[in-house]
Amino acid sequence: DYLLTCKKLSIPLTIENRFPQSLMAAHDEVAILYNKEKSKDKNIRFKKLYKELSSNYPELSINGLLFILPKSPTELTHEGEAQHNCVGRLYIDRMLERQSVVMFLRKKEKPHTPFITLEINPITKSIVQCRYKYNKPCEKSIIDTVNKYIATLSTINLSSFTA
């Protein structure tokens, strides 16, 4: 694991690197470097994804709810922490792989306060999940509002997500 990670990071496999005095310390150090590189790559990829998605999933206000796309992996992480759900841990890769579109629903008068987390299937343009804090399901009136938003998407070209 340690040597493979060194190789991925293009760290020269000198005698000192192949046989460190403390393998655990060397492993932890390389793991931190690797995670930083992965994070930087995800931020770059997510920035490109946001540009693509923002034209297909516009920020709109419907029935007092504001539909917002996350602009970075950090925003997804903060949403997951604030809402006590797994969106920050699991959905960054799903979005980057174009398997899901996660959006934040906010009360129009409180656009920076987490309220509802929404996952949309980008192929079928349907709700996968729509949840309040602690994964509490949303009531019918919220689902109806989300479906109104999704109906507006049919007028937008989502060809970048079709198989």
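As a test of understanding, state the convex hull volume per residue of the range 93-138 from its alpha carbons, in Å³. The partial results should precede the final answer.
Details: hull volume 3.9 nm³, N = 46.
Hull volume over Cα atoms, normalised by residue count, gives 85 Å³.
Can you tally the net charge around Leu66? Count Lys and Arg as +1, Asp and Glu as -1, for every other residue whose Cβ sits under 15 Å from the Cβ of Leu66.
On the way: positive: Lys71, Arg106, Lys107, Lys108, Lys110, Lys148; negative: Glu59, Glu75, Glu79, Glu109.
Counting the neighbours of Leu66, the net charge comes to +2.
Please list Glu119, Glu139, Glu109, Glu97 from largest to smallest accessible area, probe radius 1.4 Å, with all protein chains kept in place. Intermediate results must be reported in sequence, preceding the final value.
Working: Glu119 15, Glu139 90, Glu109 135, Glu97 110 Å².
Result, largest first: Glu109, Glu97, Glu139, Glu119.
If I ignore ligands, DNA and RNA and count only protein heavy atoms, how much of Lys71 is accessible to a 1.4 Å probe, in Å² to the nearest 10?
Ignoring ligands and nucleic acids, Lys71 comes out at about 100 Å².
How much solvent-accessible surface does Arg106 expose, in Å² to the nearest 10, with a 1.4 Å probe and all protein chains in place?
20 Å²
Taking a temperature of 25 °C and a viscosity of 0.890 mPa s, what whole-number D in µm²/s does Stokes-Einstein yield for the range 43-122 with Rh from Kirkwood over alpha carbon pairs?
Working: Rh = 12.6 Å.
In µm²/s, the coefficient is 195.
At what distance in angstrom do the alpha carbon centres of the range 110-139 and the range 1-49 lie from each other?
35 Å
For Asp41 and Ala151, what does the FRET efficiency come to when R0 = 35 Å and r is the distance between their Cβ atoms, rounded to the nearest 0.05?
Numbers: r = 35 Å, r/R0 = 1.01.
After rounding to 0.05, the efficiency reads 0.50.
If R₀ is 41 angstrom, what is the calculated FRET efficiency for the pair Glu16 and Asp93, using the beta carbon separation as r and rounding to 0.05? Walk me through the numbers before you get to the answer.
Working: r = 34 Å, r/R0 = 0.84.
With R0 = 41 Å, the Cβ-Cβ based efficiency is 0.75.
Taking a cut-off of 20 Å, what percent of all Cα-Cα pairs in the chain are separated by more than that?
On the way: 7519 of 13203 pairs.
Roughly 57 percent, once rounded to a whole number.
Given the options Pro137, Tyr91, Ile62, identify the residue whose Cα lies farthest towards the positive end of the charge dipole of the chain (+1 on Cβ of Lys, Arg; -1 on Cβ of Asp, Glu).
It is Ile62.
Can you give the local net charge around Val101? Use residues other than it whose beta-carbon is closer than 10 angstrom to its beta-carbon, Lys and Arg +1, Asp and Glu -1. Don't skip to the answer; put the middle values down first.
On the way: positive: Arg94, Arg98, Lys125; negative: Glu119.
That works out to +2.
Using a 1.4 Å probe, how large is the accessible area of His84, given in Å² and rounded to the nearest 10?
90 Å²
Rank by packing, highest mean first: peptides 72-79, 3-10, with packing defined as the count of other Cβ atoms within 10 Å averaged across residues.
The packing order, highest mean first, is 72-79, 3-10.
Whole-Hz ³J(HN,Hα) for each residue in the range 70-84, computed from phi via Karplus 6.51 cos²θ - 1.76 cosθ + 1.60 with θ = phi - 60°, x for glycine and proline: what do you get?
For the range 70-84, the Karplus-derived couplings read x, 9, 7, x, 4, 5, 5, 4, 4, 4, x, 5, 5, 8, 6 Hz, x marking Gly and Pro.
The values are calculated or read from the model by the stated rules, or taken from the named source; none is laboratory data. Keep in mind it's a predicted model, so treat the numbers as computed, not measured. Note: ideal-geometry Cβ built from the backbone for every residue, glycine included; neighbour counts use all protein chains shown. Heavy atoms of the whole protein, side chains included, go into the accessibility calculation; ligands, DNA and RNA do not. Shrake-Rupley method; radii C 1.70, N 1.55, O 1.52, S 1.80 Å.
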